Structure formats: structure tokens, C-alpha cells
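Each remark here refers to the structure printed beneath this line.
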Ligand SMILES: Cc1cc2nc3c(=O)[nH]c(=O)nc-3n(C[C@H](O)[C@H](O)[C@H](O)COP(=O)(O)O)c2cc1C
């Protein structure tokens, strides 16, 4: 089957893309311990610059929202300087890159935050455990794991501070040379914790009805689009996800409501994680793309388990405007070429997904025969 539909240009908001193959955001843990982007990250992203658009790994907008070993932030001058190196490398290679702006909410371990309790809409701990920081001198390959803790319920002052942090992060992203930002509203992080009924038990104006559960998102979008034109702002969502104890009572209605918000704001795109093959996430019980599309007329990037052929078919049928690829981009820096030429894909070594400096990161070669 032809993959032509993936190779067609697309205007996303106010940005022209040469193709519809988007690199999904991928946390890789190659920033410094002070969450400063390193030169190897510029190499890695520049290798993938022929994607229609690169979306950066999740990038913390506030130190209290950072809870993953060696992920980048975008709150300090050092971090902005590090990101300038990365965005410069991508632009020199002819690419475009958005910054995924992120706050982890209840998923932050106190170990990352001077022992402070994380904040969230409601004091409900996530299920399971997560990566803890590496102790000095620990040189084992894998990171230690610790269980999530019960977060502190956010006050109005916390909410106002975090809305402002997203806006500052967005402004900082433009200053650091990004072409736009993607608001991370997916995968059980802070915004998703407000949106989803299982993690939001608030009785004030931020909880209960859909109107209330989407209020934090609306405030973040308003604050971010006051700093970055809406045509350069995307939103990532995963209403059907049940990871880490997330479960919305009515994902379709939630998608419908989010679509209304994205439409009113004139966002460049909505990036929907709704897998067609299980793997990173389970298959949705009831897909919500139709509910999203009922209210949002802009571009939808769909994600989750796609092959090139499946992605092209979705676009050709008008089911989505673009497809993002996560795991395939990890081991295939020349993914666009491989898709175009029908070349075989290399397999990811997941031991090095989140650790390893260059190894398993910037050392995956382009296809050996590709230049011939
Ligand atoms: C190693 C790894 C890191 C990820 N990091 C992020 C992230 O920082 N932000 C995000 O929104 N999703 C993240 N994801 C999810 C991916 O963006 C994507 O949704 C998932 O891999 C499914 O797409 P795929 O089937 O094309 O791989 C990550 C996935 C993997 C495998």
C-alpha cells in the first residue's frame, strides 16, 4: 500500500510542514542532573529533522512539576541556553520543533523536590511506582524505583501559580528558539489529573462537572496563547487512557468538551493518543476521535501503534490530518526516508530508553543502503 498521504505537506496552524510524519514526544533522560539540555540532544533531534514536525520530550515548566531523572526543564537561564543549542541544531538541519510543556502533578516523587509533597487536584495517589533519582555512585544501568505518594490538594494560589508557570514556560520556549509549544494534557500528568473524573474529586469550581474539570485546561490555554500565538500551540490528550489509575467516567464527552475548547482557542492542532494497536497504551474501549472531531475543526494528529501504511490510510480516509510516531523514531533517525523508500525498520533497545547518554540514543545509524 502507498504511503503517499503521509508525505503530503500540511499547514498546522501557522506552520508549514513538508510531510505529515510527526515525531511524538519521547522522554529520554539525557539532560543534566540540573535538568539542562545537553549537546547530545541537539545531535539526536537534528538527526530526525526531516520529520514534518519534531515534538520535544516532555519539558518541565516548574521545578515542583519535575519528577523524572534527568528530564529537561524550561524555567532557568541555563536550561534556555541548553535548548538554544538544540533548536539551533534542528533549524540548521532544516527542521521544525515544538516544546512539550509539562507538569507532572501527583506523579512527582518527593525525592525530586527536596522531600516536598507533590501537588494535584485531589489527594489521591497514583497506582504503582516510578523512577527515583540515581544515588551518587550508583552506576547500574537501570534506575531505582519507588512507589508514588499521596499528593497535596492544590489551593487556588497553587492553581494560579501553575497556570502562570505554563505561560512562562511557553514564553521561554519561544525565547529558546522553539517554533511553538505543545501543552501536555495527556498520560495522567497534571492537566489530565484535572480533566479525568478518577483523579479529580474537587468540590470547587475545578471539579465535578465537565465545565469545571476542564477549567484548569482552559486557564492554561488562555495563559499560554497570551504568550504564543494560538496557531503555534498544540494540545496533547489521552481521554481513554487507563494508565496509572486514570479512568474517566465518560471519555467521549470529555473529548467533545476538549474539542470545543481547542476550537474556541484556535489551536494549531489536537494530538490524540488513541492507539490502533496495544503496546504503549491499551486499546480504547470506545474510541473518541468522532466526538473530538464533532467540535474541533482543526488538524488532529493521531498517535498509537501506527505503521506507515496504517497512518497513510488514516490520512487518506480523512480520519486524521497527520500521524505521530514514537517508538519507530527511537531506532530510526531516518524514519521519513525509510517510510518513503519502503525500507525495513530497526528495532529499539528499550534498555536505553531512559538512560545511556549516546548509547541507544544518538548512535542508531541511518539505513545502510539508503544512500545507494
Ligand atoms: C521511551 C518513551 C518516552 C515517552 N515520553 C513521552 C513524553 O515525554 N511525552 C508524551 O506525551 N508521551 C511520551 N511517550 C508516549 C509516546 O509519545 C507515544 O504516545 C507512544 O510511544 C505510542 O506511540 P508509538 O506507538 O508510535 O510508539 C513516550 C513513549 C516512550 C516509548
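Laid out as a table, the results:
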read-out	value
Per residue, the convex hull volume that the Cα atoms of region 4-352 enclose (Å³)	120 Å³
Cα-based equivalent ellipsoid, region 1-121: semi-axes from gyration tensor eigenvalues, Å	30, 16, 11
181, 270 arranged by Cβ crowding within 10 Å, fewest neighbours leading	270, 181
Mean Cα-pair separation over length for the chain, i.e. relative contact order, pairs under 8 Å, 6 or more apart, %	18 percent
Global geometry of region 164-252, whether rounded, prolate or oblate, following the gyration tensor of its Cα atoms and the 1.5 cut on a/c	prolate
q = 0.18, 0.21 Å⁻¹: log10 I(q)/I(0) that the Debye formula gives for region 149-192, counting C-alpha atoms only	-0.66, -0.82
DSSP bridge orientation in region 4-352 - percent antiparallel, rounded to nearest 5	15 percent
Theoretical gain in end-to-end length, residue 282 to residue 316 [0.36 nm per residue, Cα-Cα removed]	9.7 nm
Potential extension, residue 32-residue 309 segment - 0.36 nm per residue separation minus Cα distance	96.0 nm
Burial ordering of 281, 66, fewest other beta-carbon atoms within 10 Å first	281, 66
Cα-based Rg / Dmax (Å) for region 87-177	17.0, 46
Rounded if a/c under 1.5, otherwise prolate or oblate - region 195-325, Cα gyration tensor axes	oblate
Rounded, prolate or oblate (a/c below 1.5 giving rounded, otherwise prolate when a/b exceeds b/c) for region 177-224 by Cα gyration tensor	oblate
The chain, helix-only ellipticity at 222 nm - DSSP H runs n ≥ 4, -39,500 (n - 2.57), divided by all residues, nearest 500	-8500 deg cm²/dmol
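A short reminder: the numbers here are calculations on the coordinates, not readings from a lab. Remember, predicted model here, so these are calculated numbers, not experimental data. Reconstructed Cβ throughout: ideal geometry from the backbone, glycine too, with neighbour counts over all protein chains shown.
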